[in-house]
Amino acid sequence: MKHFLLFSLSTLLLLGCNIRPENNIEELSYFNIEELLDAEIQYLIDENAGLEKTVESNGNTDLLEIHPQTKDEWKSQFSLFYEANIDQPGLRDAYREEELTPLEGVHTKIFSARAKKSFVQTFEVIYNQDKLSQINIQTQEENEIYSNYRTLKLFFDAEGKHIVGFDVTGDEDMRLKEPMKIHIQAVITY
C-alpha cells in the first residue's frame, strides 16, 4: 500500500511538471496568395483552361494564346504573384494591416510594408458583397544599378471563386540600358 501511494504521488508530480503552459503568442497571418493560386491552378487544369495575353513592351505589342497543361506551366504564368506572397514566416510583423470601411458593399483589407526596402510594398484584397473581387499588389526592387516597380492585379469572377484574368504593369530601369515599360493583360479562356 505504501508503495502504491508513493508511486501515485510521484506519478502526479511528474505529470504536473510536464504540463506545458499555453502558448499565448498569437500567430500573425496575412493573406496567403500561394494557397489560393495552388487551388486555382488545379481548377484551371481540370477545366482545360487557357490564357489570352497581350504583352506591350516599349511600344511593341504581342498577342499570345497559351494553353498550359501542367501545374508548373500554370505556375510560371502566375510567377510574379507567387513571388509576392507576404504570408511567410520570415515576414511576420513586416506589414501593417488596415481595413477600409465598407462602401456600397466594397470592403478592402490593406497590408502595407513597415520597411521601405520590402519587396512587396502594398497588398490589397478587395471584397464586393463579401466575395473576393480583386487583389492589387505593388512591388519594388532597388539597388545601385537596377530599379523595378510593378503593379500586379488579379481579377475574380462575380462569385469570388475563380480567377478571370490578371494585369501586370512594370517600369524597369538599369544603368547603361534604356528604361523598359511593360504591360501584360491576360484573360482566362475556357
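Computed over the Cα atoms, what is the radius of gyration of the chain divided by 2.2 N^0.38 Å, N being its residue count? If you can, show how the numbers build up before the last one.
On the way: Rg = 24.1 Å, N = 190, 2.2 N^0.38 = 16.2 Å.
Its radius of gyration relative to the 2.2 N^0.38 Å reference: 1.49.
Stretch Thr101-Ser29 to full length: gain in nm at 0.36 nm per residue minus the Cα-Cα span? Please report the intermediate quantities before stating the final value.
Details: separation 72, 0.36 × 72 = 25.92 nm, distance 2.07 nm.
Result: 23.9 nm gained on full extension.
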* Kirkwood hydrodynamic radius for region 43-130: how many Å is it when counted over pairs of different Cα atoms? -> 16.2 Å
* Based on Cβ point charges of +1 for Lys and Arg and -1 for Asp and Glu, what charge dipole magnitude is obtained for the chain about its Cα centre, in debye rounded to the nearest 20? -> 860 debye
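Apply the Kirkwood formula to region 128-190: the hydrodynamic radius equals the inverse of the mean of 1/r over all pairs of different alpha-carbon atoms; give it in Å with one decimal.
13.4 Å
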* **Pairs from Lys75/Lys117; Lys109/Lys161; Lys109/Lys131; Lys75/Lys109 whose Cα-Cα separation, in the structure shown, is over 20 Å** => Lys75/Lys117; Lys75/Lys109
* Asked: Rounded to the nearest whole Å², what accessible area per residue is found for the chain with the 1.4 Å probe?
  -> 69 Å²
* **Estimated translational D of region 81-166 in µm²/s (Stokes, Kirkwood radius over Cα pairs; 10 °C; 1.306 mPa s)** => 114 µm²/s
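Of the heavy-atom accessible surface of the chain (probe 1.4 angstrom), what whole percent is carbon and sulfur? Mind showing how you got there, number by number?
Numbers: 6850 of 13030 Å².
Solvent-exposed carbon and sulfur of the chain make up 53 percent of the total.
The values are calculated or read from the model by the stated rules, or taken from the named source; none is laboratory data. Since we're looking at a predicted model, the values are computed, not measured. We place every Cβ from the backbone using ideal geometry, glycine too, and count neighbours over all the protein chains shown. These accessible areas exclude ligands, DNA and RNA; they are computed on the full protein's heavy atoms, side chains included. Shrake-Rupley method; radii C 1.70, N 1.55, O 1.52, S 1.80 Å.
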